[in-house]
Each structure stands twice: as C-alpha cells, then as structure tokens.
Amino acid sequence: MRLLHTMFRVGNLEESLKFYCEVLGMKLLRRKDYPAGEFTLAFVGYGDESDNTVIELTYNWGVEKYELGNAYGHIALGVDDIYTKCEEIRNHGGKIVREPGPMKHGSTVIAFVEDPDGYKIELIQQGTQGSAIKQESQEQLVSQ
Ligand SMILES: C[C@@H](O)C(=O)SC[C@H](NC(=O)CC[C@H](N)C(=O)O)C(=O)NCC(=O)O
Ligand code: NI
C-alpha cells in the first residue's frame, strides 16, 4: 500500500492554489470539475502522484467556510533551511503561526504556517528529526 493524498475541503480554490503553489512551491498536478456533484478537485504536490504523496483540495461550489474543529493537527513538510523558508513564506503573504525553533521537550526544529482555510502545516528542518528518531529507537532498545 502507499499513502496517496490528504484531502482538505477549501472555501476558495483559487486562494488555496495560490498558497500551495506560489507560497509553498507545489505544482498543480490535475484539476477537475464535477458539475453533477457541484464540486471541484485539485491535486497539488512536489511531484507526480505516481511517486509522491499529494494534497487533494476539494471545493464544494458555493461553500466558503468550514469548521475545522479541534481534532485536526497538521501535515508536515521537510525543508532545507527553515529560517529562510519562513521568511520567504512571510514575504509571500503566508501566515507563520509558530516561529521556527526547537520543538518543546525535543530537538526537532519546527515551525507552523496556516493555509487560507486555517489548516496548520508544520515545517520540519531536515536533518534535525534524525536525532529524535535515533533517540526514540535507542530508548525503545533500552526499555526492551
Ligand atoms: C478522487 C478521490 O481522491 C476522491 O476523494 S473523490 C471522493 C468523492 N469526493 C467528493 O464527493 C467531494 C465532494 C463532497 N461534497 C465532499 O465535500 O466530500 C466522495 O467522497 N465520494 C463519495 C462516494 O461515496 O463516492
Ligand atoms: Ni480522495
């Protein structure tokens, strides 16, 4: 099996595409209207769906707002230089809701941005997660 996509319902597809493509640098992979269901699907990501997990943006015609509730957490993107990326996102009008820095109680360097609908997206500094993964596996070994 393979993780294909995560689906977000969005209130303004053009605004979401602007964010995911112009601010986060994703490509619009495909887009299709479903008149019978009065919705549009747009798939965005960093590469073809054949070997990339992508995001499915679902726009229900005329529905401009959703209650996100308190259960949704985030999706995560790996970045080479989190500090520069956050500046770029801010300069493109993106909303950084948690400044970059080591996570609480850990060493992974993270930041959070919000998309136009308020869905949180975590940025993780590549190379800092490794120490956390190694530490956790060492702890598991010790506890066995
Ligand atoms: C293409 C595949 O990745 C899909 O997720 S399409 C699934 C389809 N989606 C919708 O109908 C979107 C509009 C809907 N109003 C919504 O907001 O979810 C779906 O859920 N179909 C249901 C079914 O039983 O086929
Ligand atoms: Ni889907």
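The values are calculated or read from the model by the stated rules, or taken from the named source; none is laboratory data. Every value quoted in this text rests on a predicted model; they were computed, and no experiment measured them. Counting neighbours? That spans all protein chains shown, and the Cβs are built from the backbone with ideal geometry, glycine included. Just the protein is used for accessible areas: all its heavy atoms, side chains included, with ligands, DNA and RNA removed. Shrake-Rupley method; radii C 1.70, N 1.55, O 1.52, S 1.80 Å.
The antiparallel fraction among DSSP beta bridges confined to the chain stands at about 70%. Taking Lys and Arg as +1 and Asp and Glu as -1, the other residues whose beta-carbon sits under 14 Å from that of H74 total -1.
Nearest 0.05, what FRET efficiency do D48 and E87 give at R0 = 35 Å with Cβ-Cβ as r? Efficiency for this residue pair is about 0.75.
Count Lys and Arg as plus one, Asp and Glu as minus one, and take only other residues whose Cβ is under 14 Å from that of S50; the net charge is then 0. Helix 82-91 against the longest principal axis of the chain: what's the angle in degrees, Cα atoms only, rounded to the nearest 10? Approximately 30 degrees, to the nearest ten. Across the chain, the volume of the C-alpha convex hull divided among the residues equals 149 Å³ per residue.
Put T108, T84 in order of accessible area, highest first, and with a 1.4 Å probe you get T84, T108. For the range 8-70, the equivalent ellipsoid derived from the Cα gyration tensor has semi-axes of 20, 14, 11 Å, listed largest first. Mind giving me the nanometre distance, one decimal, between the label points for K95 and D33, set 7 Å out from Cα along Cα→Cβ? Distance between label points: 2.9 nm.
Counting charges near P116 (Lys, Arg +1; Asp, Glu -1) among other residues having Cβ under 14 Å from its Cβ returns a value of -2. Solvent exposure of the chain amounts to 63 Å² per residue of accessible area, where only protein heavy atoms count and the probe is 1.4 Å.
In this structure, the residue pairs whose Cα-Cα separation is over 24 Å, taken from K85/K120; K65/K104; K27/K104; K32/K65, are K65/K104; K27/K104. Of the residues E114, E87, E22, E64, the one with the largest accessible area comes first in the ranking E64, E22, E87, E114, computed with a 1.4 Å probe on protein heavy atoms. With a Förster radius of 25 Å applied to the beta-carbon distance between Q126 and N60, the computed FRET efficiency rounds to 0.10.
Taking the chain as a Gaussian network of alpha-carbon nodes connected by springs under 10 Å, the highest mean-square fluctuation of the residues K65, K120, K104 belongs to K104.
Here the accessible area of the range 1-82 is 50 percent carbon and sulfur, with a 1.4 angstrom probe and all protein chains present.
From its DSSP helices (H runs of at least four residues, each -39,500 (n - 2.57)), the chain gives a residue-normalised ellipticity at 222 nm of -6000 deg cm²/dmol.
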